[in-house]
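Report on the following structure.
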Amino acid sequence: MNFALLGNDSTFIPLVQAIATHGEHKLTIAVNADALMGEISQCSPSTRFSDKWDDFVSNKNTDAVIVAGHDEGTLTIAKQAAAAGRMLLLYPRMHREIAVYYELALIHDDTGVLLFPWFQDRFDSRVRKAKELLSSGSIGEVVRFQFDEELSGDEGLYLNGGQIDDALMQDVDLIRYLGGEYNQVTSVRSGETEDGISLQNVSLAGGEVAEATIQVKVATSTPKRALTIVGQQGTIELNLSGDESAVTVTEGEDVSRPTIPTNDPLPDVLDRFQQAAQGNIVAPNWADAIRAYEIVEATARSLRRRRTIDLHFESTSERSLFKTQMTAVGCGLLLLTLLMMLGLLGLGTFLDPSDSVESKAAAAGFIVRTEEFVDEQSRDSIQFTEKVDQIAIRMQKVNASVLIEQSSSDETDRSRREKLIQQLGDRGVQDAEQRVLVAEIRGDAARTIMRIARVAWMLPLIVFLLLQILIVITKPATPANQ
């Protein structure tokens, strides 16, 4: 499999080395990875370097992209690569906005492209041994998980929020992998100053899973990671920061340390990725990344609100994403309809002749168009004379002005007005001078524009409401026994 590297995160150098030594994989190109050029060239001399992201998006020889960065530019390129059908391997970090995870999930549902999160603990032989012991029931039903992590802080005194959140992404996934789904999150910090944080506790709970506590603090010496699993019949202790006594199992008074062959997890990462690329269902998947992110994001909300946060998960499916999109579109259309209504009211003020002099004249038939003024010798003069006769009769009964359509010449307009006033006066209309006006006739064009505007105002909302039928069509059938 041909890989491309996007970004300059040094976390991925061991993975690049694993690709270089793997017989079936190859790193063909590195984009925007100038900071890693020396290390990459040393382990993979044939790798080509480029600063043009479309080099691997348009290159069909590139099968997958390793996203080694979390800045906005790198993530934008990653989304474009996924949309173009390139598989992605990412290291989940909290620096990425949750919208990025959901956008990639939408691309996955649309194109079926593989999105593979690299949760490193899942490929550790010590964690796999613990999973095996839990599955065998060697310590009985699990009562509690206790995860302790010590990180190197700034000047050895404090941690920043980004460090803690990135560590929690991996820790939370490990707890989920061993314990199950959690939907209640409580987080508390201690020793927080302007310089940073010295300790953060996160408590996880769920309906049918054992409670879990994660403690992240500043390391007093070297960084450490340790997980203690307490069961009704014993405990399992995992030392994830060293090889000696990596797993300790205590059953009553018996203490055992099963032999665990040390393994390099990176070839397993590549093999699992290749299995997923071949269409096999493997874990972790992108839903695991979203779940971990939502739990860690909930810790920040818990800190702000100083209370437990309840999470309500539902499976990330095409249907749920469709409903989310339709809800967002519906809210947007409702707001757009309101704004368009205000615009329509403003447009009507200028264009709609309703309740105006023009509308009354149009209703009474008192509008004389430019083309109706003809020479007396013309055959059409008879029709014009008949219209003037009708106007003169109606003016005795209807209180409306007579409007002459304005032309491009003021002199012509005055002449036509005087002519019409004279003819109406000859027919006995006493107030023709006051009631005959020259005006711009907007009626036909204005009414057409207003009709189009009214349709444009309501059409998007009507179409959206009709599309709601799709929700009913896509609703799964309910079993008869429910």
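Quick look at the numbers
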{"quantity": "Low-density loop cleavage sites - GluC sites (Glu not before Pro) in segment 204-297, where at most 12 other Cβ are within 10 Å (DSSP)", "calculated": "E208, E244, E253"}
{"quantity": "Under 27 Å, Cα to Cα: Lys pairs in the chain, sequence gap 8 or more or different chains", "calculated": "18"}
{"quantity": "Selected from M395, T412, A226, residue furthest toward positive end of dipole (the chain; charges at beta carbon)", "calculated": "M395"}
{"quantity": "Segment 2-91: relative contact order as a whole-number percent, Cα under 8 Å and 6+ apart", "calculated": "34"}
{"quantity": "Cα-centred dipole magnitude for segment 357-441, charges only on beta-carbon of K, R (+1) and D, E (-1), debye, nearest 20", "calculated": "400"}
{"quantity": "Mean residue ellipticity (222 nm) of the chain, computed from DSSP H runs ≥ 4 via -39,500 (n - 2.57), nearest 500", "calculated": "-14500 deg cm²/dmol"}
{"quantity": "Dipole in debye (nearest 20) - segment 69-143, about Cα centre, beta carbon charges: Lys, Arg +1; Asp, Glu -1", "calculated": "340"}
{"quantity": "Separation between Cα centres of segment 78-151 and segment 328-342, rounded to whole Å", "calculated": "38"}
{"quantity": "Overall form of segment 357-441 per C-alpha gyration tensor (a/c, 1.5; a/b vs b/c)", "calculated": "rounded"}
{"quantity": "Cα-centre dipole for the chain with unit charges at Cβ (Lys and Arg positive, Asp and Glu negative), debye to 20", "calculated": "1340"}
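Every number here is computed from the coordinates shown, using simple stated rules; none is lab data. Not measured: the values here are computed from a predicted model. Neighbour counts run over all protein chains shown; Cβ positions are idealised from the backbone, glycine included.
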